Amino acid sequence: MQSLPRSVPNDGIERHDQVKTIFSEIAPRYDLLNHLLSLNMDRSWRRLAVDQIGWEAESSGSFLDACTGTFDLALELGDRPGFRGRIIATDFACPMMVQGARKIVAGPITPVCGDSLALPFPNDNFDGAMVGFGVRNLSDLECGLRELYRVLKRGKLLVVLEFALPPNPFVRMAYLLYFRRVLPVVGRIISGHPWAYRYLPESVEEFPGPDD
């Protein structure tokens, strides 16, 4: 396994490559750790995100799930009763999609190995777009958001599901204690990749909150 530095750079090519390495290496244990470390709340968060995208008005439309990982957010949309459209799911860490491929053997999801900083789609292409726990990993946030809006049809929605620090100081203290102390230890034991789960709390703390 490639040795990763303690902290991933904030931006640039080095961050891009190191984040790609991190997610490629933790792919085999990614789903288990997601559910375990979120106390299974990630499932309900994804449901809420899909509720916001307005797919009912475009039930036969085309939707993008960028930074898809192992397809959980795409599956949440694809499994909705009445959804008859298609979902293009992209990620630059292709081993993540390989790991999740068994979940999309049959259904409306088409995987595309692609980078959210340079999406391989024409302008005005999708009836909705979503990103689950992915935008904070972009080495150039502005570029990534610009790309997502470029491929959206005019007036359609981009839904971003992301971690943020709680505004309540007492809740924030407990949250940071869990993220800084518990998560790296559990992540290291289960995944065998300590730097990956050191990066996660660092990336959450550095990422702008909803009011920033």
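The values are calculated or read from the model by the stated rules, or taken from the named source; none is laboratory data. All of these numbers come straight from a predicted model, not from anything done at the bench. With ideal geometry, Cβ positions are generated from the backbone for all residues, glycine too; neighbour counts draw on all protein chains shown.
Against the condition closer than 27 Å to residue 28 by Cα and surrounded by fewer than 16 Cβ atoms within 10 Å (Cβ to Cβ), how does residue 131 come out, does it pass?
On the way: closer than 27 Å to residue 28 by Cα: yes; surrounded by fewer than 16 Cβ atoms within 10 Å (Cβ to Cβ): no.
Spelling it out, it is not the case that residue 131 is closer than 27 Å to residue 28 by Cα and surrounded by fewer than 16 Cβ atoms within 10 Å (Cβ to Cβ).
Is at least one residue of the range 199-208 of a type in the set (S, T, N, Q) and touching a residue at least 12 places away in the same chain (Cβ under 8 Å)? Looking through the range 199-208, at least one residue is of a type in the set (S, T, N, Q) and touching a residue at least 12 places away in the same chain (Cβ under 8 Å).
Name the one entry in 98, 160 that is within 21 Å of residue 16 (Cα to Cα) and in a strand (DSSP E or B). First the steps, then the outcome.
Working: 98 fails: in a strand (DSSP E or B).
None of the others qualify; the one that does is 160.
In the range 98-109, the residues that are closer than 20 Å to residue 26 by Cα reach residues that are hydroxyl-bearing (Ser, Thr, Tyr) and in a helix (DSSP H, G or I) with C-beta atoms within less than 8 angstrom, at least six apart or across chains, in these pairs: 99/30.
Taking residue 149 as the residue in question, decide whether it is of a type in the set (Phe, Trp, Tyr), assigned to a helix (DSSP H, G or I), in contact with a strand residue (DSSP E or B) (Cβ under 8 Å, 6 or more places away or on another chain) and closer than 28 Å to residue 64 by Cβ.
When the stated conditions are applied, residue 149 passes them.
If you take the residues in the range 122-146 that are polar (S, T, N, Q) and not in a helix (DSSP H, G or I), which one is farthest from residue 157 (Cα to Cα)? Checked the range 122-146; the qualifying residue farthest from residue 157 (Cα to Cα) is 139. As a summary of the residue check, residue 102 satisfies the conditions (1) farther than 16 Å from residue 145 by Cα; (2) touching a strand residue (DSSP E or B) at 6+ places or on another chain (Cβ under 8 Å); (3) surrounded by fewer than 19 Cβ atoms within 10 Å (Cβ to Cβ); (4) not aliphatic (A, V, I, L, M) except for the one numbered (2).
The residues of the range 58-96 that are more than 22 Å from residue 152 (Cβ to Cβ) and within 17 Å of the chain's Cα centre (by Cα), listed by number, are 70, 93, 94, 95, 96.
For the range 118-145, the tally of residues that are more than 17 Å from residue 161 (Cβ to Cβ) and out of contact with any Phe, Trp or Tyr (no Cβ under 8 Å at 6 or more places or on another chain) stands at 12. Restricting attention to the range 142-183, the residues that are within 14 Å of the chain's Cα centre (by Cα) and either loosely packed, with under 13 Cβ neighbours inside 10 Å or modelled with pLDDT of 95 or more (or both) add up to 7.
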